[in-house]
1. Provide the gained length on full extension for the span ASN137 to LYS170, in nm with one decimal, where the gain is 0.36 nm per separating residue minus the Cα-Cα distance.
2. Using a basic spin-label model with each label point 7 Å from the Cα along Cα→Cβ, how many nm lie between ASP68 and ASN108?
3. How many nm is it between the label spots at LYS3 and GLN116, if each spot is 7 Å from the Cα in line with the beta carbon?
4. Between LYS78 and LYS126, how many nm apart are label points set 7 Å from Cα along the C-beta direction?
Amino acid sequence: MKKAVLGGAAVATLLAALFAPEDEGSIVGPATATTRQVERVAPAPLAAATVPQANRALVIAPRRGLDDEEEAATLFAKQSWQPETPKKIMLDQQVAQAALPAARVDANAPPPLPFQFLGRFVDEGKAAYFLQAGERNVVARPGDTLEERYRFDGVVQGSLQFTYLPLNLKQTLAVGDLN
């Protein structure tokens, strides 16, 4: 059966090739321009007679610019929505920052808490709190020492309370309702 089907397909292909119309040169080749490369150019006086009236306003210019290797190299180049900031603007900002009076830093003030609240889990009546410190996730229970500088004291009025150990100062992290 397979041989009969293959033989029939071969005969049909041969007949189609024999009775196909002659090539009149009307086959269109691959496109050579993209929408970026389309230019509006006034048609040349000699070309005006050969270009149909409807197509005279738009003439596609041949592709110029990057060769295939350069285009392939820029295909995955770093792109950003942020405008590039000239060095001069950056230098002006640095000079302006240096000209401002330095803010007075209290030596007895603890640094801001490095934690963000992620969630809470209660198991057998004991609560554990999920925190994020930088890129690390931490599970904290009351009394735990975190980051070698903070002690988690527990929940006070809907906020997590920590003690900054080097200065023995209390800090709170507001988290809202912990139901």
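Laboratory data are not the source of any read-out in this text; all were calculated from the coordinates shown. Here the structure is a predicted model, which means the values were calculated and not measured. Cβ: placed from backbone, ideal geometry, glycine included. Neighbour counts: every protein chain shown.
1. Working: separation 33, 0.36 × 33 = 11.88 nm, distance 2.20 nm.
Full-extension gain reported as 9.7 nm.
2. 7.5 nm
3. It works out to 7.3 nm between the two label points.
4. Placing both labels 7 Å along Cα→Cβ, they lie 4.8 nm apart.
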